[in-house]
Structure formats: structure tokens, C-alpha cells
Amino acid sequence: MSPLLFVLAMEYLSRVLKKIARDKEFRFHERCADLQLNHLCFVDDVVLFTHGDFKSVYRVLQGFELFSQSSGLQANYSKSKLISNGIPEVEVQRILSVSKLKRGNLPFQYLGIPISAKKFSPCDYEGLIDKMVDRIKNWSWKFLSFAGRLTLINSVLISFHTYWAHIVVLPKRVLCRINEICRAFLWKGLAEFGGPGSVAWDDVCKSKYKGGLGIRHIDLWNLAALRKYVWAIAANKENMWVKWIHSVYLKGEHWWEYEPPLQSILYWKKITEVKNRLKEFYSFQSFISIRYSITEVYGKFRGVLESGNLAWTRYIWNAYLVPKHAFITWLATLNRLKTKAQLHHIGVASDPTCLICGNAKEDGIHLFFSCCYSRKCITEIKHWLGWNSNSESLQGLLRWLARGKGIYLNFREEFMLLV
Ligand SMILES: [Zn+2]
């Protein structure tokens with residue numbers, strides 16, 4: 001069935017269930033009565049809520065049967081479960097006997113996220129970690145350059161975290177594990193790596209123009225995403241979740257002054273905690289007057305941790321430069337390139353001597369400036385560009401460019417520098 005037809009069919013299911021909700025014999029789940037909520041549906045993931053009496057459950061099952069017969073769409077009963085709480089066992093067995101449902105328990109998965117009334121245990125986050133690890137195992141990492149791995153981290157691996165970070169408060173242990181996976185993939189192309197990386201992870205997570213690679217600080221992103229919920233409640237956004245919060249928790253209390261009862265779930269307490277911290281910086285009126293954007297708030301959080309832009313970075317992160325070369329230049333500028341001298345220092349190479357001339361230790365300065373072949377190349381290029389810098393290091397040359405030439409390089413100079 002085409003996606004559009006499927007959505008239309010599910011709209012019919014939604015209407016059938018809304019009609020059942022108006023039936024006198026149907027009773028809502030006690031926390032859903034104010035909103036007259038008896039189902040949530042996103043594409044083919046459906047959750048039905050009812051009071052635990054047999055008649056209410058039976059009416060919903062009848063509605064579902066009507067939908068199946070009308071549309072030809074059948075529920076996958078191997079994945080469909082009845083989750084009950086506080087219903088006598090006799091009633092539960094009666095419901096199970098008239099339905100094709102199996103009995104289930106909390107937590108269950110909805111849209112890939114575990115739903116639970118209690119604090120999540122570490123194994124509840126295994127779905128997120130497993131997805132990241134499985135994806136890495138499916139990639140042919142041997143053929144990926146550092147730049148390729150960086151792109152996959154930013155576009156794929158971090159996106160798994162982003163999805164969860166919008167919904168749950170990720171514990172520090174899980175955030176650390178996500179960072180470990182990204183770090184292992186960047187430096188080794190693997191999901192597991194316990195050794196040191198070439199550059200400290202905190203520096204890698206700085207934005208590109210502050211000297212890092214722009215990988216996201218996942219803890220700050222999680223906090224920025226949580227603040228959006230605080231803002232949505234304050235601004236009374238028109239969505240089901242905000243209405244439900246007002247109906248179940250706030251019950252007319254002012255959000256800015258609200259304190260959660262002791263028996264509240266951890267997630268709700270966390271959101272309230274974030275709200276209380278925001279009260280130090282905003283009045284209620286000033287907070288709801290801003291247009292909240294997670295990206296903007298995250299940018300502000302990150303700005304506090306990082307100093308100003310570094311002038312040399314614009315010569316590395318530039319549209320003219322091949323990403324693979326940019327990454328190597330970034331490593332060389334930080335003096336973290338795995339030259340023979342460095343490999344010898346950590347006990348990987350037996351000999352630190354330059355492979356080209358065989359006369360000196362192969363460190364960054366020798367490789368790009370002092371070696372006989374490199375010296376000839378750099379002298380020719382400097383002559384052609386008309387540069388009179390005597391810098392004998394990549395950092396020195398980039399500093400000279402940033403100081404003396406500023407942004408006034410012509411195209412030929414930029415192109416040659418970056419190639
Ligand atoms: Zn040499």
C-alpha cells in the first residue's frame with residue numbers, strides 16, 4: 001500500500017476510535033479522561049488506552065475489528081500486547097481469551113523508545129547503543145578516510161542520539177558510552193577502542209573555527225532539548241503532550257511556581273529541575289517571549305565553553321580543500337600527525353628516520369619544511385605566490401597568513417595554499 005493510502009486508512013482508524021470514545025459504555029483510562037484520549041497513532045505504531053473494565057476493552061477491540069474488515073489491514077498480533085495495571089486477574093484472562101493479544105509488561109517500545117513508569121535501567125538504553133554499533137559494523141571502515149568517518153559521525157551516529165535526546169534525559173553513563181563509540185570510530189573505524197586518540201575528545205568537540213572538528217557535545221544538546229519542553233509548557237503550545245501535562249500534573253497551577261510531588265516520575269522531576277534553573281535567568285514573561293530553537297540554545301551553551309575563533313582555521317575548513325586533506329592539515333597544525341618520529345616515540349615504529357632523505361627524524365616540521373624535497377617545494381610555492389615568510393612550521397605559516405594577509409588573499413593564493 002502506498003504511504004499516502006496507508007495514512008488515509010489510519011485516519012479512518014482514528015475516527016473509529018474517536019467514535020467509540022463517545023460511546024456511553026466506554027470508559028477512559030483515568031489519566032486520559034480530561035483529554036478524551038483513547039489512542040496514539042504514528043504511521044503503523046498504535047497505542048490504545050482504556051479503563052480496565054471488560055466492556056471498554058471489548059468496545060475498542062470491536063472498533064479495531066471493524067477497521068480491519070473495512071480496510072483489509074490486519075494488526076500484527078505477534079507484536080501486539082495487552083499491558084494492564086490494577087485489573088483483577090480474572091478480567092485480564094477474560095480479555096485475553098476474546099482477543100488475539102498476548103500479555104505484555106512495561107517497558108514496551110513505542111517509536112523505538114522504551115515506555116516505562118519507572119526510572120530507566122541501563123539495559124533500556126541498549127537499543128540506542130546497539131543501533132550505533134550495528135551501523136558501524138555495516139560500514140566498510142577500511143575504505144573510509146578520517147574525513148569520511150567524521151561525516152558519518154555527524155550525519156548518522158549522532159542522529160541516533162538526537163532522536164533520543166529529544167525524548168529522554170540520557171544518564172551520564174550512556175552519554176559517555178556514546179562518546180566512546182564516536183571516538184573509537186573516528187580514530188580507529190571501530191565501535192570499541194580503549195587507547196588514546198590523536199586529539200583530546202573535548203578539543204575534537206569544539207567547533208571547526210575554534211580548533212575542533214565540530215562534533216556535537218551530546219550532553220549540552222540533551223539539555224537544550226529539555227529546555228524546549230520547559231518553553232513549550234510555558235508558552236502553552238498547542239500539542240497533545242502539553243495538554244496532557246496541564247491535565248495530569250499542573251492542574252491549573254502556574255508552571256513557573258510549580259513543584260512536582262515526591263511520587264512524580266524522574267523524567268517529570270528533571271524537566272521541573274531544568275525549569276527552576278531557568279528561573280535564575282528569565283522571568284516567566286521574558287522566557288515565553290523568546291522563540292525557542294534547540295540549535296540556537298545549544299550554540300549559546302557551546303559558546304560559553306569555547307574561546308574566540310582561531311584565524312588559521314579558515315585556511316583549513318574551506319570549500320576549496322578536499323575534506324581528506326583538510327583533516328590531515330588539521331592534525332598537522334595541531335602537531336598530532338602520526339609521523340615516524342611520533343610512531344617511534346610511542347613504540348610503534350622502530351626507526352624515526354625520514355623515508356625521503358634518510359638524514360633526520362621525520363617530524364612535522366621536517367616532513368613539510370626541512371626535508372630537502374619539501375624545502376624545494378615550499379620555496380617554489382612561496383616564490384610563485386610572492387610570500388616572504390620565513391616560517392619553518394605549518395602553525396607559523398598559518399599565523400603569518402592570518403596576521404599579515406588577513407582575509408585579503410586572492411583566489412590564486414587561496415587555491416594554492418589549500419591544494
Ligand atoms: Zn627528509
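The values are calculated or read from the model by the stated rules, or taken from the named source; none is laboratory data. Worth saying up front: this structure is predicted, and the values here are computed from it rather than measured. Heads up, the Cβs are rebuilt from the backbone with ideal geometry, glycines too, and the neighbour counts pull from every protein chain shown.
Restricting the first member to the stretch 365-391 and to residues that are at pLDDT below 85, and the second to residues that are within 16 Å of the ligand (Cβ to nearest atom), the beta-carbon pairs closer than 9 Å and six or more apart or on different chains are SER391/PHE369. May I ask you to say which residue of LEU150, LEU128 is closer than 29 Å to LEU331 by Cα, in contact with a helix residue (DSSP H, G or I) (Cβ under 8 Å, 6 or more places away or on another chain) and not in a loop (DSSP other than H, G, I, E, B)? Selected residue: LEU150, the only one of LEU150, LEU128 that is closer than 29 Å to LEU331 by Cα, in contact with a helix residue (DSSP H, G or I) (Cβ under 8 Å, 6 or more places away or on another chain) and not in a loop (DSSP other than H, G, I, E, B). Counting only residues that are closer than 13 Å to PHE185 by Cβ and surrounded by fewer than 15 Cβ atoms within 10 Å (Cβ to Cβ), the stretch 119-139 holds 3 of them. Quick one: is ILE265 in contact (Cβ under 8 Å) with a residue 60 or more places away in the chain and either loosely packed, with under 15 Cβ neighbours inside 10 Å or over 30 Å from TRP400 (Cβ atoms) (or both)? So ILE265 passes the test. Evaluation of ARG227 against the conditions (1) in contact with a Leu (Cβ under 8 Å, 6 or more places away or on another chain); (2) within 30 Å of THR313 (Cα to Cα); (3) of a type in the set (D, E, K, R) shows that the sole unmet condition is (2). Would the stretch 208-222 turn up any residue that is under 18 Å from VAL168 (Cβ atoms), small (Gly, Ala, Ser) and surrounded by 15 or more Cβ atoms within 10 Å (Cβ to Cβ)? No, every residue in the stretch 208-222 fails to be under 18 Å from VAL168 (Cβ atoms), small (Gly, Ala, Ser) and surrounded by 15 or more Cβ atoms within 10 Å (Cβ to Cβ). Looking at the stretch 270-287, can you tell me whether even one residue there is buried (at least 16 other Cβ atoms within 10 Å of the Cβ), free of Cβ contacts under 8 Å to residues at least 24 places away in the same chain and part of a helix (DSSP H, G or I)? Yes. Being modelled with pLDDT of 90 or more and either closer than 19 Å to TYR209 by Cβ or surrounded by 16 or more Cβ atoms within 10 Å (Cβ to Cβ) (or both): is that true of LEU331 here? The answer is yes for LEU331. Pairing residues of the stretch 225-239 that are assigned to a helix (DSSP H, G or I) with residues that are of a type in the set (Phe, Trp, Tyr) and surrounded by fewer than 21 Cβ atoms within 10 Å (Cβ to Cβ), at Cβ distances under 6 Å and at least 6 apart in sequence or on separate chains, gives LYS228/TYR292; TRP231/TYR292; ILE233/TRP255; ALA234/TRP255; ALA234/PHE287.
Could you tell me whether the stretch 355-374 includes any residue that is outside any helix (DSSP H, G or I), surrounded by fewer than 16 Cβ atoms within 10 Å (Cβ to Cβ) and more than 16 Å from the ligand (Cβ to nearest atom)? There is no residue in the stretch 355-374 that is outside any helix (DSSP H, G or I), surrounded by fewer than 16 Cβ atoms within 10 Å (Cβ to Cβ) and more than 16 Å from the ligand (Cβ to nearest atom). With respect to the conditions (1) surrounded by 11 or more Cβ atoms within 10 Å (Cβ to Cβ); (2) within 12 Å of the ligand (Cβ to nearest atom); (3) among the basic types (Lys, Arg); (4) farther than 27 Å from GLY148 by Cβ, LYS382 lacks only one, and its number is (2). Residues that are at pLDDT below 90, of a type in the set (Ser, Thr, Tyr) and at negative phi are absent from the stretch 45-55. Mind listing whichever residues of the stretch 317-354 are more than 16 Å from the ligand (Cβ to nearest atom), of a type in the set (S, T, N, Q) and outside any loop (DSSP other than H, G, I, E, B)? Residues satisfying the conditions are THR329, THR333.
In the stretch 51-62 there is at least one residue matching the filter, namely being in contact with a helix residue (DSSP H, G or I) (Cβ under 7 Å, 6 or more places away or on another chain) and either within 30 Å of GLY252 (Cα to Cα) or in a loop (DSSP other than H, G, I, E, B) (or both). Quick check on the stretch 246-269: of everything there that is outside any loop (DSSP other than H, G, I, E, B) and charged (D, E, K, R), which residue is farthest from the chain's Cα centre (by Cα)? Looking at the filtered set, the residue picked out is GLU257.
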